[in-house]
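The structure under discussion appears below in the form of structure tokens.
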Amino acid sequence: MRAILACCISASFILLAASAADRPADSKSGGPQYILGANDQINVEVVELPEFSGRTYRIDADGSVSLPLVGRVRAAGLTLAQFQDAVEKQLHSQVKNPHVVTGLVEVRSQPVSVMGQVNTPGTEMLQGNKTLFDVLAMAGGLKPDAGDVIKITRQKEEGPLNLKNAAADETTGSVTASVSVRDVVDLRDPSANILMRPHDSISVPRAQVVYVIGNVKKAGGFALSQNKQISALEALSLAEGMAPNAAPKSARISRLVPGDSINREQIKVDLKAILAGKQKDIPMQPDDILYVPDNSARRTTGKILETGLATVSGLVIWRGF
């Protein structure tokens with residue numbers, strides 16, 4: 001069931017990304033209500049003036065664009081229709097009833113950064129109204145080991161961030177809030193799927209993951225809910241228990257040495273004694289690997305565990321715990 005949930009989440013993002021790619025050209029232009037901004041590229045055609053033909057113009061940082069014959073014209077903060085009217089007014093002194101047509105060539109004024117556990121992190125450009133779900137789909141969707149919380153940061157000049165847990169940074173004035181992945185993906189709380197604003201920053205942290213490998217029924221990595229802690233027996237339960245011929249007395253937890261991202265220490269875990277209530281269960285830490293060897297391989301446990309460690313990165317990540 002949990003694996004099906006993970007597949008459904010990925011499928012949702014794939015379908016949304018595909019539908020975004022199939023939208024009509026009006027979506028690319030940002031729609032009639034798109035507000036121009038600095039670095040957007042536009043074209044301006046004037047039927048009566050060949051000087052305008054075949055050229056594109058970039059809106060400068062001050063919000064204006066330099067056009068032939070008329071000089072600088074304010075563009076930032078206007079829709080294309082409003083900008084077109086402004087150009088026509090400027091041309092009235094030189095051309096009687098000018099016929100002006102404007103278009104948006106490239107949107108570069110509304111960047112949103114997407115970082116962390118998404119498939120294509122980087123900068124996405126808002127083209128018209130885009131929700132949080134839309135932007136995550138544009139970034140290729142979530143990776144399997146994405147956490148269950150999404151963080152959004154909004155600059156002060158872009159307006160309020162209408163989420164319940166929004167908190168302002170007194171130094172920068174920016175506001176940060178977080179939403180649940182499931183609230184957004186499953187539309188359980190439509191208010192979480194907010195409209196994004198230019199210069200917003202989206203961060204998807206990596207989930208806390210524990211791994212169970214060896215002679216178990218469902219080996220893999222298990223992404224935990226935020227701040228959730230589990231024990232060795234709970235991790236074994238997520239792996240649906242031991243397979244036949246397992247050697248529970250010879251189990252091991254491989255744990256990163258504190259302050260070291262490479263080397264690991266091996267902790268003996270007598271799962272048989274823990275199951276019998278003769279020993280206390282052992283708390284697991286993020287990135288721990290619980291290894292349950294085969295009963296016939298006790299003497300080669302070290303080599304098998306070493307091989308298992310090398311394949312952890314290729315394991316299925318199960319979500320929803």
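FYI, it's all coordinate maths here, none of it is from the lab. Given the structure is predicted, the values throughout are model-derived calculations rather than measurements. In this analysis, Cβ positions are derived from the backbone assuming ideal geometry, glycine residues included, and neighbour counts consider all displayed protein chains.
Key figures
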quantity: Packing-based exposure ordering (other Cβ within 10 Å, fewest first) of T131, T56; calculated: T56, T131
quantity: Charge tally in the Cβ shell below 9 Å around D40, where Lys, Arg are +1 and Asp, Glu are -1, D40 excluded; calculated: +1
quantity: Residue-count net charge about V70 - beta-carbon cut-off 12 Å; Lys, Arg +1, Asp, Glu -1; calculated: +1
quantity: Inter-label distance, nm, simple model (7 Å from Cα along the C-beta direction), A166/R58; calculated: 3.3 nm
quantity: By average C-beta atoms within 10 angstrom, highest first, the peptides 151-157, 164-170; calculated: 151-157, 164-170
quantity: Footprinting exposure proxy for Y291, Y57 (fewest neighbouring C-beta atoms within 10 Å first); calculated: Y57, Y291
quantity: Counted charge near I267, where neighbours are those whose Cβ lies closer than 9 Å (Asp, Glu -1; Lys, Arg +1); calculated: +1
quantity: Measure of compaction for region 109-204 (Cα Rg per 2.2 N^0.38 Å); calculated: 0.99
quantity: Value in Å of the Kirkwood radius, where region 25-173 supplies the Cα pairs that are averaged; calculated: 17.7 Å
quantity: Projected label distance in nm at R74 and D270, using a 7 Å step from Cα toward the beta-carbon; calculated: 8.1 nm
quantity: Diffusion coefficient, µm² s⁻¹, Stokes-Einstein with Kirkwood Rh over alpha-carbon pairs of region 41-106 at 10 °C and 1.306 mPa s; calculated: 135 µm²/s
quantity: Residues D281 and S191, FRET efficiency given R0 of 51 Å [Cβ-Cβ distance, rounded to 0.05]; calculated: 0.80
quantity: Contour excess over end-to-end distance, with Cα ends at K218 and Q82 and 0.36 nm allotted per residue; calculated: 42.9 nm
